[in-house]
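The structure appears below as C-alpha cells.
The values are calculated or read from the model by the stated rules, or taken from the named source; none is laboratory data. This structure is a prediction, so every number in the text was calculated from the model and none was measured. Cβ sites come from the backbone with ideal geometry, for glycine too, and all protein chains shown count toward neighbours. Only protein heavy atoms, including side chains, enter the accessible area calculation; ligands, DNA and RNA are left aside. Shrake-Rupley method; radii C 1.70, N 1.55, O 1.52, S 1.80 Å.
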Amino acid sequence: MTQRCNRFRFLLSLSAVVLVLLAVCTPAQAAAKLIVVTTTQDLAALAQEIGGDRIAVDAIARGYQDPHFVEAKPSFLLKLRKADLLIVVGLQLEISWLPPLITQCGNPRIQIGAPGYLDASQFAEILEIPTAPVTRAMGDVHPFGNPHYWLDPRNGVIMARRVAQELKAAAPGETATFEQNLKLFENDLSARRKRWEEQMAPLRGTEIVTYHKEWEYLMRWLGLSIIGYVEDKPGIPPSPKHLEELVQTMRQRKVKALIASNYTNPNVPRSIAEKTGAKLLVLPTSVGGEETIRSYSELFDAIVGKLVNALK
Ligand SMILES: [Zn+2]
C-alpha cells in the first residue's frame with residue numbers, strides 16, 4: 001500500500017515537474033513576446049526600435065505598395081488574429097482595406113477602441129486638417145488631414161514615444177528596456193537629422209512639383225517649396241486641362257524636379273518631365289520601399305541622398 005502510494009506520489013511530483021518545465025520553457029517564452037502587427041512597414045520599424053527582441057512585429061502592407069490601396073489577403077486575417085497590439089497610421093490612410101479585416105479577424109484585443117488598437121496619428125503634428133465640411137469633390141483619400149505624416153522625422157520621434165507608451169502598458173515588466181531603446185533611437189535620430197538638414201541646407205527654397213500630395217511633411221521640414229501637383233485632388237487621376245496648366249507653370253518657373261513615389265505609375269510623370277525639362281525623381285515613401293531600406297533612419301538616408309544628387 002505504502003509502496004503504491006509512494007509511486008503515486010512520485011508520478012504526481014514528476015508530472016508536476018513536467019508541467020512546471022512546460023510552463024517555464026517554450027510556451028511561456030513564446031507567450032511572453034508581445035505580438036505587434038502594424039499596417040505599414042514604417043510603423044513596424046519604429047515598433048522594432050522600441051520593442052527590440054521583446055516583441056514579435058509584422059507589417060501588413062509592403063513599403064513598395066500604395067498604402068491607400070492595398071489588396072486584402074487571407075494571410076492578413078491570420079496576422080491580425082494573433083496580434084496583441086495593432087498599430088495603424090490612421091487619418092483614413094487604410095480606410096479602403098483595413099476596417100473589414102479588423103471586424104473579420106475575430107480578435108477582440110485589437111478592435112477599434114480596445115486597448116490593443118493604437119492610432120499613431122493621435123499625437124503627431126498633422127497638416128491640412130480641413131476647416132470646412134469635407135466633400136467627395138475635394139478628393140478621395142485625405143478627408144481628415146494629410147496622412148503621410150511619418151515623412152518628417154520630428155513626427156517619427158512623437159510616434160516612437162507613443163508606441164513606447166503602449167508597449168509599456170502592454171508589457172510593464174519590460175518598461176526599462178523599452179525606455180532605454182527609445183532613448184537610443186531618439187539620440188541616434190536626432191544626430192542623423194542634423195546631418196540630413198545640413199546636406200539639404202543649400203537646396204532650401206528649391207521649387208518642385210509632386211505627383212501625390214504626400215511630400216508636404218518632408219518638404220516643410222527640409223524647406224523645399226511644392227508649387228504644384230500632378231494629382232490636383234488626392235487619389236483622383238488628373239484631367240488633361242489640369243496637366244496642360246501644370247506643364248505651362250513648370251516651364252515658366254523652370255521647375256527642376258518632379259517627384260513621384262516609387263509605387264506611382266511612371267507614364268504620366270515621365271511625359272510631364274519630358275515636356276518641361278524637369279528631372280523625374282522617384283523616391284521611396286516607406287521602409288521596405290527599396291530592399292536596402294530596413295529602418296526608419298535608412299528611409300531618410302535614401303530620400304535625402306536622392307534629393308541631394310538630383311538637385312545639387
Ligand atoms: Zn495620400
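Some observations on this one:
- Apolar share of the accessible surface for the stretch 93-228: 54 percent from carbon plus sulfur atoms, 1.4 Å probe.
- Surface exposure of the chain, expressed per residue as accessible area with a 1.4 Å probe, stands at 51 Å².
- Working from Cα pairs under 8 Å separated by at least six residues, relative contact order for the chain is 16 percent.
- All Cα pairs of the stretch 236-303, percent lying beyond 21 Å: 35
- Here the stretch 176-312 is treated with +1 on each Lys and Arg Cβ and -1 on each Asp and Glu Cβ, and its dipole about the Cα centre works out to around 520 debye.
- Principal semi-axes of the equivalent ellipsoid, √(5λ) from the alpha carbon gyration tensor of the chain, are 47, 21, 16 Å from largest down.
- Label-to-label distance, Ser225 versus Lys194, with points set 7 angstrom from Cα along the beta-carbon direction: 3.0 nm.
- Entries in Lys168/Lys306; Lys33/Lys213; Lys213/Lys306 that, when Cα-Cα distance is taken, lie over 30 Å: Lys168/Lys306; Lys33/Lys213
- Computed about its Cα centre, the charge dipole of the stretch 102-191 is approximately 200 debye, with only Lys, Arg, Asp and Glu carrying charge at their Cβ.
- Calculated FRET efficiency, Arg154 to Asn267, Cβ-Cβ distance, R0 = 51 Å: about 0.90 to the nearest 0.05.
- Thr131 paired with Phe69, simple spin-label distance in nm, labels 7 Å along Cα-to-beta-carbon: 3.2
- Entries of Lys233/Lys254; Lys194/Lys275; Lys82/Lys233 with Cα pairs more than 26 Å apart: Lys194/Lys275; Lys82/Lys233
- Debye log10 I(q)/I(0) at q = 0.09, 0.17 Å⁻¹ for the stretch 45-187, Cα point scatterers: -0.29, -1.04
- Each Lys and Arg contributes +1 and each Asp and Glu -1, all at the Cβ; summed about the Cα centre of the chain, the dipole is approximately 580 debye.
- Estimated FRET transfer efficiency (Thr103, Arg294; beta-carbon r; R0 30 Å; 0.05): 0.40
- Distance between modelled label sites at Glu179 and Leu77, nm, 7 Å Cα→Cβ extension: 4.3
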